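What follows is one structure encoded as C-alpha coordinates, with my remarks underneath.
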Amino acid sequence: MTYGEIGETAWGWVMGQVRWDDDGPWIPEFAGDEQPIEEERDGLHNGIAGLAHALAEIRLTRQWTPAEQDLAAAIADRIRRTIPTTTTTTFFGGLVSSIGALTALDQPGTSAALERLQAWATDDGWPESFLDQPRYAPGAVANDITLGTGAILLGALWATRRGDDASALANRAADLLLGEQEKTQAGVNWQFVSRRFRTDEPTEMPNFSHGLAGIVAVLAVAGVELGRPELVDVARRGAEHLVTLGINDDKGFRVPRVIPWAERHGDEYTFNWCHGGAGTASTFSALEYAGVPQIAGETPQTWRRRCLDGVRYSGIPERLHPGFWDNDGRCCGTAGVGDAFLDAWHRDGEDQDLEFAVLMGDTLLDHAYPEGYWRFVEHRNEDPLLRPGVGWMQGAAGLAAYLFRLQRVLSGDQRVVERMENWFNLR
(Lines give C-alpha, C1' and ligand atoms only; values in the text may rest on other atoms or scores of the structure.)
Protein backbone atom coordinates (compact mmCIF):
# COMPACT_ATOMS: atom_id res chain seq x y z
CA MET A 1 0.00 0.00 0.00
CA THR A 2 1.06 3.59 -0.58
CA TYR A 3 1.64 6.20 2.12
CA GLY A 4 -1.60 7.89 1.13
CA GLU A 5 -3.58 4.65 1.32
CA ILE A 6 -2.27 3.87 4.81
CA GLY A 7 -2.95 7.48 5.76
CA GLU A 8 -6.57 7.14 4.62
CA THR A 9 -6.96 3.86 6.50
CA ALA A 10 -5.54 5.42 9.66
CA TRP A 11 -7.67 8.52 9.36
CA GLY A 12 -10.76 6.37 8.81
CA TRP A 13 -9.91 4.54 12.02
CA VAL A 14 -9.54 7.89 13.82
CA MET A 15 -12.92 9.06 12.52
CA GLY A 16 -14.36 5.85 13.93
CA GLN A 17 -12.98 6.78 17.35
CA VAL A 18 -14.68 10.20 17.47
CA ARG A 19 -17.33 10.29 20.16
CA TRP A 20 -20.12 12.81 20.70
CA ASP A 21 -21.92 14.03 23.79
CA ASP A 22 -24.01 17.06 24.69
CA ASP A 23 -20.86 19.22 24.67
CA GLY A 24 -19.71 18.18 21.21
CA PRO A 25 -17.03 15.84 19.84
CA TRP A 26 -14.26 14.17 21.80
CA ILE A 27 -11.72 11.43 21.26
CA PRO A 28 -10.25 8.91 23.69
CA GLU A 29 -6.54 9.07 24.38
CA PHE A 30 -6.41 5.34 23.64
CA ALA A 31 -8.87 3.21 21.74
CA GLY A 32 -11.38 1.67 24.14
CA ASP A 33 -11.47 4.49 26.70
CA GLU A 34 -15.09 5.18 27.59
CA GLN A 35 -14.79 8.70 29.01
CA PRO A 36 -12.89 11.80 27.89
CA ILE A 37 -10.06 13.11 30.01
CA GLU A 38 -11.63 16.50 30.62
CA GLU A 39 -8.38 18.45 30.96
CA GLU A 40 -7.17 17.01 27.62
CA ARG A 41 -10.44 16.89 25.73
CA ASP A 42 -9.98 20.06 23.67
CA GLY A 43 -6.19 20.14 23.37
CA LEU A 44 -3.61 19.59 20.67
CA HIS A 45 -1.81 16.69 22.31
CA ASN A 46 -4.61 14.17 22.88
CA GLY A 47 -7.77 16.07 22.05
CA ILE A 48 -9.90 17.49 19.28
CA ALA A 49 -7.59 20.43 18.56
CA GLY A 50 -5.16 17.86 17.19
CA LEU A 51 -7.84 16.63 14.80
CA ALA A 52 -8.05 20.19 13.47
CA HIS A 53 -4.41 19.98 12.41
CA ALA A 54 -4.98 16.61 10.78
CA LEU A 55 -7.94 18.06 8.88
CA ALA A 56 -5.75 20.92 7.67
CA GLU A 57 -3.31 18.38 6.23
CA ILE A 58 -6.14 16.42 4.61
CA ARG A 59 -7.54 19.60 3.02
CA LEU A 60 -4.33 19.94 0.97
CA THR A 61 -4.62 16.30 -0.06
CA ARG A 62 -8.29 16.12 -1.09
CA GLN A 63 -11.63 17.73 -0.40
CA TRP A 64 -13.22 17.11 2.96
CA THR A 65 -16.12 14.71 3.09
CA PRO A 66 -19.44 15.93 4.54
CA ALA A 67 -18.60 14.08 7.79
CA GLU A 68 -15.23 15.85 7.95
CA GLN A 69 -16.87 19.21 7.29
CA ASP A 70 -19.29 18.57 10.13
CA LEU A 71 -16.45 17.51 12.43
CA ALA A 72 -14.40 20.62 11.60
CA ALA A 73 -17.34 22.89 12.34
CA ALA A 74 -18.11 21.06 15.59
CA ILE A 75 -14.47 21.27 16.75
CA ALA A 76 -14.41 25.01 16.14
CA ASP A 77 -17.76 25.49 17.91
CA ARG A 78 -16.62 23.47 20.92
CA ILE A 79 -13.32 25.33 21.23
CA ARG A 80 -14.94 28.74 20.90
CA ARG A 81 -17.44 27.86 23.65
CA THR A 82 -14.71 26.80 26.06
CA ILE A 83 -12.42 29.83 25.65
CA PRO A 84 -14.18 32.05 28.25
CA THR A 85 -13.70 29.43 30.98
CA THR A 86 -10.34 27.93 29.98
CA THR A 87 -7.78 28.30 32.76
CA THR A 88 -4.75 26.74 31.09
CA THR A 89 -2.71 28.48 28.44
CA THR A 90 -0.36 25.91 26.94
CA PHE A 91 0.55 24.96 23.38
CA PHE A 92 -0.34 21.35 24.12
CA GLY A 93 -3.72 21.87 25.72
CA GLY A 94 -4.76 25.43 26.55
CA LEU A 95 -5.53 28.78 24.96
CA VAL A 96 -2.49 28.65 22.69
CA SER A 97 -3.67 25.24 21.51
CA SER A 98 -7.07 26.80 20.78
CA ILE A 99 -5.45 29.51 18.64
CA GLY A 100 -3.66 26.82 16.66
CA ALA A 101 -6.82 24.77 16.09
CA LEU A 102 -8.99 27.69 15.01
CA THR A 103 -6.39 28.98 12.58
CA ALA A 104 -5.85 25.47 11.19
CA LEU A 105 -9.56 25.34 10.37
CA ASP A 106 -9.71 28.97 9.15
CA GLN A 107 -12.33 29.63 11.81
CA PRO A 108 -12.91 32.82 13.82
CA GLY A 109 -12.47 33.02 17.56
CA THR A 110 -8.77 33.62 18.08
CA SER A 111 -9.36 37.18 19.28
CA ALA A 112 -11.33 35.84 22.25
CA ALA A 113 -8.45 33.52 23.14
CA LEU A 114 -6.01 36.42 22.96
CA GLU A 115 -8.21 38.54 25.21
CA ARG A 116 -8.43 35.67 27.68
CA LEU A 117 -4.64 35.35 27.70
CA GLN A 118 -4.27 39.05 28.42
CA ALA A 119 -6.75 38.87 31.27
CA TRP A 120 -5.32 35.68 32.79
CA ALA A 121 -1.76 36.97 33.19
CA THR A 122 -0.19 37.79 36.53
CA ASP A 123 2.82 40.05 37.05
CA ASP A 124 5.05 36.97 36.59
CA GLY A 125 3.21 35.44 33.66
CA TRP A 126 0.72 32.59 33.34
CA PRO A 127 0.65 30.13 36.28
CA GLU A 128 -0.38 26.53 35.59
CA SER A 129 -1.94 24.05 38.00
CA PHE A 130 0.68 21.38 37.27
CA LEU A 131 3.30 23.64 38.88
CA ASP A 132 2.14 22.70 42.33
CA GLN A 133 3.67 22.56 45.78
CA PRO A 134 5.95 21.48 47.36
CA ARG A 135 8.35 21.52 44.38
CA TYR A 136 7.15 24.89 43.10
CA ALA A 137 6.30 28.09 44.91
CA PRO A 138 2.75 29.48 44.70
CA GLY A 139 2.19 31.33 41.45
CA ALA A 140 5.05 29.58 39.66
CA VAL A 141 5.26 29.96 35.88
CA ALA A 142 7.18 27.98 33.28
CA ASN A 143 9.37 29.52 30.61
CA ASP A 144 9.37 26.95 27.82
CA ILE A 145 7.80 27.00 24.36
CA THR A 146 5.10 24.41 25.02
CA LEU A 147 3.92 24.89 28.62
CA GLY A 148 5.22 28.31 29.61
CA THR A 149 5.71 31.94 28.65
CA GLY A 150 7.42 30.87 25.44
CA ALA A 151 4.14 29.25 24.37
CA ILE A 152 2.26 32.52 24.90
CA LEU A 153 4.84 34.33 22.79
CA LEU A 154 4.63 31.65 20.09
CA GLY A 155 0.84 31.83 19.97
CA ALA A 156 0.76 35.63 19.93
CA LEU A 157 3.25 35.79 17.05
CA TRP A 158 1.25 33.23 15.09
CA ALA A 159 -2.05 34.99 15.70
CA THR A 160 -0.50 38.24 14.49
CA ARG A 161 0.74 36.56 11.33
CA ARG A 162 -2.78 35.25 10.76
CA GLY A 163 -4.44 38.65 11.03
CA ASP A 164 -4.95 39.46 14.73
CA ASP A 165 -2.99 42.24 16.38
CA ALA A 166 -1.45 40.37 19.30
CA SER A 167 1.71 42.46 19.42
CA ALA A 168 0.98 43.78 22.93
CA LEU A 169 0.63 40.24 24.26
CA ALA A 170 3.75 39.14 22.39
CA ASN A 171 5.81 42.02 23.75
CA ARG A 172 4.61 41.29 27.27
CA ALA A 173 5.62 37.64 26.99
CA ALA A 174 8.98 38.55 25.48
CA ASP A 175 9.70 41.01 28.30
CA LEU A 176 8.85 38.36 30.89
CA LEU A 177 11.27 35.92 29.27
CA LEU A 178 14.00 38.55 29.24
CA GLY A 179 13.53 38.91 32.97
CA GLU A 180 14.01 35.18 33.59
CA GLN A 181 17.33 34.70 31.76
CA GLU A 182 20.36 33.38 33.63
CA LYS A 183 23.81 34.56 32.59
CA THR A 184 26.40 31.83 31.96
CA GLN A 185 30.07 31.83 30.96
CA ALA A 186 29.10 31.13 27.35
CA GLY A 187 25.93 33.23 27.06
CA VAL A 188 22.51 32.97 28.71
CA ASN A 189 20.21 30.17 29.80
CA TRP A 190 16.61 29.61 30.88
CA GLN A 191 15.32 26.97 33.21
CA PHE A 192 12.05 25.20 32.48
CA VAL A 193 10.87 26.90 35.68
CA SER A 194 13.11 29.62 37.06
CA ARG A 195 15.01 28.95 40.28
CA ARG A 196 13.09 31.64 42.14
CA PHE A 197 9.95 29.51 41.85
CA ARG A 198 11.58 26.23 42.87
CA THR A 199 12.33 24.56 46.16
CA ASP A 200 14.79 22.06 44.65
CA GLU A 201 17.74 22.11 42.27
CA PRO A 202 16.39 22.21 38.70
CA THR A 203 16.77 19.38 36.25
CA GLU A 204 17.12 20.83 32.76
CA MET A 205 15.56 19.54 29.54
CA PRO A 206 17.51 21.77 27.16
CA ASN A 207 16.09 20.71 23.79
CA PHE A 208 13.13 22.23 21.94
CA SER A 209 9.96 21.27 23.76
CA HIS A 210 10.74 22.13 27.39
CA GLY A 211 14.00 24.00 27.47
CA LEU A 212 16.58 26.42 26.20
CA ALA A 213 16.38 25.48 22.51
CA GLY A 214 12.69 26.30 22.19
CA ILE A 215 13.00 29.57 24.11
CA VAL A 216 15.89 30.64 21.89
CA ALA A 217 13.82 29.84 18.80
CA VAL A 218 10.77 31.85 19.78
CA LEU A 219 12.81 34.84 20.96
CA ALA A 220 14.75 34.91 17.68
CA VAL A 221 11.54 34.91 15.65
CA ALA A 222 9.96 37.48 17.96
CA GLY A 223 12.89 39.81 17.44
CA VAL A 224 12.10 39.93 13.73
CA GLU A 225 8.31 39.98 13.96
CA LEU A 226 8.22 42.65 16.69
CA GLY A 227 11.10 44.74 15.36
CA ARG A 228 13.14 44.21 18.51
CA PRO A 229 16.78 43.41 17.71
CA GLU A 230 17.62 42.96 21.41
CA LEU A 231 15.50 39.80 21.36
CA VAL A 232 17.54 38.42 18.46
CA ASP A 233 20.72 39.20 20.36
CA VAL A 234 19.60 37.45 23.55
CA ALA A 235 18.51 34.48 21.44
CA ARG A 236 21.98 34.40 19.90
CA ARG A 237 23.55 34.37 23.35
CA GLY A 238 21.21 31.57 24.39
CA ALA A 239 22.37 29.56 21.39
CA GLU A 240 25.99 30.25 22.33
CA HIS A 241 25.27 28.51 25.64
CA LEU A 242 23.22 25.74 24.00
CA VAL A 243 26.07 24.56 21.80
CA THR A 244 28.30 24.11 24.86
CA LEU A 245 25.85 21.55 26.30
CA GLY A 246 26.15 18.96 23.58
CA ILE A 247 28.49 16.79 21.56
CA ASN A 248 29.60 17.96 18.14
CA ASP A 249 31.59 15.40 16.13
CA ASP A 250 31.55 13.45 12.88
CA LYS A 251 28.12 12.07 13.84
CA GLY A 252 26.55 15.49 14.13
CA PHE A 253 25.41 17.66 17.05
CA ARG A 254 23.24 16.34 19.85
CA VAL A 255 22.26 17.75 23.22
CA PRO A 256 21.45 15.54 26.24
CA ARG A 257 17.80 14.91 26.90
CA VAL A 258 18.18 15.71 30.61
CA ILE A 259 20.89 17.58 32.52
CA PRO A 260 22.16 16.25 34.87
CA TRP A 261 21.57 12.82 33.40
CA ALA A 262 20.92 9.82 35.64
CA GLU A 263 20.43 6.19 34.69
CA ARG A 264 16.76 6.38 35.61
CA HIS A 265 16.27 8.82 32.70
CA GLY A 266 17.00 6.14 30.09
CA ASP A 267 19.21 6.94 27.11
CA GLU A 268 21.18 10.14 27.59
CA TYR A 269 20.44 11.26 24.02
CA THR A 270 17.32 10.91 21.96
CA PHE A 271 16.58 12.18 18.48
CA ASN A 272 12.92 13.15 18.36
CA TRP A 273 11.04 16.46 18.07
CA CYS A 274 10.53 17.13 21.77
CA HIS A 275 13.91 16.27 23.28
CA GLY A 276 16.27 15.63 20.37
CA GLY A 277 17.88 16.94 17.25
CA ALA A 278 14.76 16.81 15.08
CA GLY A 279 13.24 19.57 17.19
CA THR A 280 16.42 21.42 18.10
CA ALA A 281 17.17 21.90 14.39
CA SER A 282 14.21 24.34 14.49
CA THR A 283 16.17 26.54 16.87
CA PHE A 284 18.79 27.16 14.25
CA SER A 285 16.12 27.64 11.56
CA ALA A 286 14.75 30.45 13.71
CA LEU A 287 18.22 31.98 14.10
CA GLU A 288 18.68 31.82 10.33
CA TYR A 289 15.31 33.52 9.90
CA ALA A 290 16.48 36.24 12.29
CA GLY A 291 19.67 36.82 10.30
CA VAL A 292 22.10 35.77 13.04
CA PRO A 293 25.45 35.40 11.27
CA GLN A 294 27.29 33.05 13.62
CA ILE A 295 26.96 30.87 16.69
CA ALA A 296 30.29 29.89 18.25
CA GLY A 297 32.05 30.68 14.97
CA GLU A 298 29.68 28.69 12.73
CA THR A 299 26.57 29.73 10.83
CA PRO A 300 23.14 28.74 12.15
CA GLN A 301 22.69 26.71 8.96
CA THR A 302 25.79 24.68 9.84
CA TRP A 303 24.42 23.96 13.31
CA ARG A 304 21.01 23.08 11.87
CA ARG A 305 22.56 20.60 9.47
CA ARG A 306 24.59 19.12 12.35
CA CYS A 307 21.39 18.57 14.35
CA LEU A 308 19.92 16.71 11.40
CA ASP A 309 23.14 14.74 10.95
CA GLY A 310 22.94 13.72 14.60
CA VAL A 311 19.51 12.25 13.91
CA ARG A 312 20.56 10.63 10.64
CA TYR A 313 23.61 8.90 12.16
CA SER A 314 21.86 7.86 15.37
CA GLY A 315 20.63 4.49 14.19
CA ILE A 316 16.93 5.36 14.17
CA PRO A 317 14.42 4.09 13.25
CA GLU A 318 15.91 0.75 14.28
CA ARG A 319 15.18 -0.35 17.84
CA LEU A 320 18.83 -0.89 18.71
CA HIS A 321 18.15 -1.92 22.30
CA PRO A 322 15.18 -2.00 24.69
CA GLY A 323 13.95 1.52 25.22
CA PHE A 324 15.66 2.93 22.13
CA TRP A 325 13.21 4.29 19.57
CA ASP A 326 10.08 2.54 20.76
CA ASN A 327 7.76 5.32 19.60
CA ASP A 328 6.32 6.27 16.19
CA GLY A 329 4.50 9.47 17.21
CA ARG A 330 4.92 13.08 16.18
CA CYS A 331 6.08 14.28 19.60
CA CYS A 332 8.48 11.54 20.58
CA GLY A 333 9.05 9.36 17.54
CA THR A 334 9.21 8.53 13.89
CA ALA A 335 6.50 10.77 12.43
CA GLY A 336 7.91 13.88 14.11
CA VAL A 337 11.37 13.12 12.75
CA GLY A 338 9.95 12.60 9.28
CA ASP A 339 8.13 15.93 9.42
CA ALA A 340 11.32 17.72 10.49
CA PHE A 341 13.21 16.24 7.56
CA LEU A 342 10.46 17.20 5.13
CA ASP A 343 10.72 20.75 6.47
CA ALA A 344 14.48 20.63 5.86
CA TRP A 345 13.97 19.28 2.35
CA HIS A 346 11.41 22.00 1.64
CA ARG A 347 13.93 24.61 2.81
CA ASP A 348 17.15 23.26 1.29
CA GLY A 349 16.11 20.81 -1.43
CA GLU A 350 18.70 18.23 -0.36
CA ASP A 351 17.96 14.70 -1.53
CA GLN A 352 19.32 13.13 1.65
CA ASP A 353 16.60 14.85 3.69
CA LEU A 354 13.83 13.52 1.50
CA GLU A 355 15.41 10.06 1.54
CA PHE A 356 15.40 10.06 5.35
CA ALA A 357 11.81 11.28 5.44
CA VAL A 358 10.90 8.38 3.14
CA LEU A 359 12.68 5.97 5.50
CA MET A 360 10.49 7.28 8.31
CA GLY A 361 7.42 6.76 6.15
CA ASP A 362 8.48 3.21 5.29
CA THR A 363 8.89 2.50 8.99
CA LEU A 364 5.37 3.72 9.69
CA LEU A 365 4.05 1.45 6.95
CA ASP A 366 5.94 -1.49 8.45
CA HIS A 367 4.59 -0.79 11.95
CA ALA A 368 0.99 -0.06 10.97
CA TYR A 369 -1.75 -2.48 11.94
CA PRO A 370 -4.19 -3.38 9.14
CA GLU A 371 -7.01 -1.56 10.95
CA GLY A 372 -5.08 1.72 10.68
CA TYR A 373 -3.44 2.26 14.05
CA TRP A 374 -0.03 1.90 15.67
CA ARG A 375 1.00 0.37 19.00
CA PHE A 376 4.15 1.76 20.56
CA VAL A 377 6.47 -0.19 22.83
CA GLU A 378 7.11 0.22 26.55
CA HIS A 379 9.79 -2.37 27.19
CA ARG A 380 9.49 -2.08 30.99
CA ASN A 381 5.89 -3.32 30.94
CA GLU A 382 5.05 -7.01 31.18
CA ASP A 383 2.97 -6.51 28.04
CA PRO A 384 5.25 -4.13 26.14
CA LEU A 385 2.70 -3.08 23.51
CA LEU A 386 0.77 0.04 24.49
CA ARG A 387 -2.84 0.52 23.44
CA PRO A 388 -3.46 2.33 20.12
CA GLY A 389 -3.34 6.10 20.51
CA VAL A 390 -5.83 8.28 18.66
CA GLY A 391 -4.73 11.92 18.66
CA TRP A 392 -2.21 14.25 17.05
CA MET A 393 0.98 14.06 19.08
CA GLN A 394 1.04 10.38 19.98
CA GLY A 395 -1.70 8.78 17.94
CA ALA A 396 -2.96 7.76 14.55
CA ALA A 397 -4.27 11.22 13.62
CA GLY A 398 -0.78 12.72 13.65
CA LEU A 399 0.80 9.75 11.91
CA ALA A 400 -1.85 9.78 9.18
CA ALA A 401 -1.18 13.49 8.61
CA TYR A 402 2.52 12.80 8.09
CA LEU A 403 1.77 10.06 5.58
CA PHE A 404 -0.58 12.36 3.66
CA ARG A 405 2.14 15.00 3.49
CA LEU A 406 4.79 12.53 2.37
CA GLN A 407 2.51 11.19 -0.36
CA ARG A 408 1.89 14.72 -1.64
CA VAL A 409 5.58 15.57 -1.70
CA LEU A 410 6.46 12.43 -3.64
CA SER A 411 3.65 13.25 -6.08
CA GLY A 412 5.24 16.63 -6.80
CA ASP A 413 3.01 18.78 -4.58
CA GLN A 414 5.21 21.08 -2.49
CA ARG A 415 2.45 22.88 -0.61
CA VAL A 416 2.96 22.87 3.14
CA VAL A 417 0.60 23.29 6.06
CA GLU A 418 2.14 26.04 8.16
CA ARG A 419 1.64 25.84 11.92
CA MET A 420 2.78 28.13 14.70
CA GLU A 421 5.74 25.88 15.59
CA ASN A 422 7.01 25.16 12.07
CA TRP A 423 6.49 28.13 9.74
CA PHE A 424 9.95 29.59 10.35
CA ASN A 425 11.49 26.23 9.40
CA LEU A 426 10.22 26.72 5.87
CA ARG A 427 11.85 30.10 5.09
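The values are calculated or read from the model by the stated rules, or taken from the named source; none is laboratory data. Here the structure is a predicted model, which means the values were calculated and not measured. No Cβ is skipped: glycine too gets one built from the backbone with ideal geometry, and neighbour counts run over all protein chains shown. These area figures cover heavy atoms from the full protein model, side chains too; ligands, DNA and RNA do not enter into them. Shrake-Rupley method; radii C 1.70, N 1.55, O 1.52, S 1.80 Å.
Could you order HIS241, HIS346 so the one with the most accessible surface comes first? Probe is 1.4 Å. Display every interim value, and only then the final one.
Details: HIS241 25, HIS346 65 Å².
These residues rank, largest area first, as HIS346, HIS241.
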Original post:
Say R0 is 25 Å: what FRET efficiency, to the nearest 0.05, do GLU350 and SER411 get from their beta-carbon distance?
Top reply: 0.80
**OP:** Sort MET205, MET393, MET1 by accessible area with a 1.4 Å probe, largest first.
**Re:** MET1, MET205, MET393
**OP:** Just need log10 I(q)/I(0) for region 292-374 at q = 0.12, 0.24 Å⁻¹, Debye formula, equal scatterers on the alpha-carbon atoms, no solvent, rounded to two decimals.
**Re:** -0.40, -1.18
Subject >> Extended-chain gain in nm, criterion 0.36 nm per residue less alpha-carbon gap, HIS265 and THR199 >> reply: 21.7 nm
**OP:** Estimate the FRET efficiency between GLU5 and ASP33 by the formula 1/(1 + (r/R0)^6), using the beta-carbon distance for r and 35 Å for R0, to the nearest 0.05.
**Re:** 0.80
**OP:** Pop out the carbon and sulfur fraction of the accessible area of the chain as a percent, whole number, probe 1.4 Å.
**Re:** 48 percent
Original post:
Counting only residues 5 or more places away or on other chains, whose amide H sits under 5 Å from the amide H of THR270 once H atoms are built in the peptide plane?
Top reply: ARG257
Original post:
Expressed in nm², what is the orientationally averaged projection area of the convex hull enclosing the Cα positions of region 372-423?
Top reply: 4.9 nm²
Original post:
Of PHE91, PHE130, PHE271, which has the largest mean-square fluctuation in a 10 Å C-alpha GNM of the chain?
Top reply: PHE130
Original post:
In what order, largest first, do TRP64, TRP120, TRP158 sit by accessible area if the probe radius is 1.4 Å?
Top reply: TRP120, TRP64, TRP158
Original post:
With point charges of +1 on the Cβ of Lys and Arg and -1 on the Cβ of Asp and Glu, referenced to the Cα centre of the chain, which listed residue (GLY47, GLY227, MET205) lies farthest in the positive direction of the dipole?
Top reply: GLY227
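Magnitude of the Cβ-charge dipole of region 200-246, K/R +1 and D/E -1, about the Cα centre, nearest 20 debye? Kindly include the intermediate steps, with their values, before the conclusion.
Details: 3 positive and 7 negative charges, 46 e Å.
Computed charge dipole of region 200-246: roughly 220 debye.
Where only protein heavy atoms count, and the probe is 1.4 Å, what is the accessible area per residue for region 70-187 in Å²? Write out the running numbers ahead of the final one.
Working: 4570 Å² over 118 residues.
Result: 39 Å² of accessible area for each residue.
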Original post:
Accessible area per residue of region 7-53 at 1.4 Å probe, in Å²?
Top reply: 41 Å²
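Run the numbers for ARG162 and THR65: contour at 0.36 nm per residue of separation, minus the present Cα-Cα distance, in nm. Kindly include the intermediate steps, with their values, before the conclusion.
Numbers: separation 97, 0.36 × 97 = 34.92 nm, distance 2.57 nm.
Result: 32.4 nm gained on full extension.
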Subject >> Accessible area (Å², per residue) of region 346-403, counting only protein heavy atoms and a probe of 1.4 Å >> reply: 44 Å²
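Rg to Rh for the chain: what is it, with Cα atoms only and Rh by Kirkwood? All intermediate terms of the calculation are to be shown ahead of the outcome.
Numbers: Rg = 20.1 Å, Rh = 21.5 Å.
Result for the chain is an Rg/Rh of 0.94.
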Subject >> Solvent accessible area, Å² - VAL221, 1.4 Å probe, full protein context >> reply: 0 Å²
Original post:
SER411 accessible area, nearest 10 Å², 1.4 Å probe?
Top reply: 90 Å²
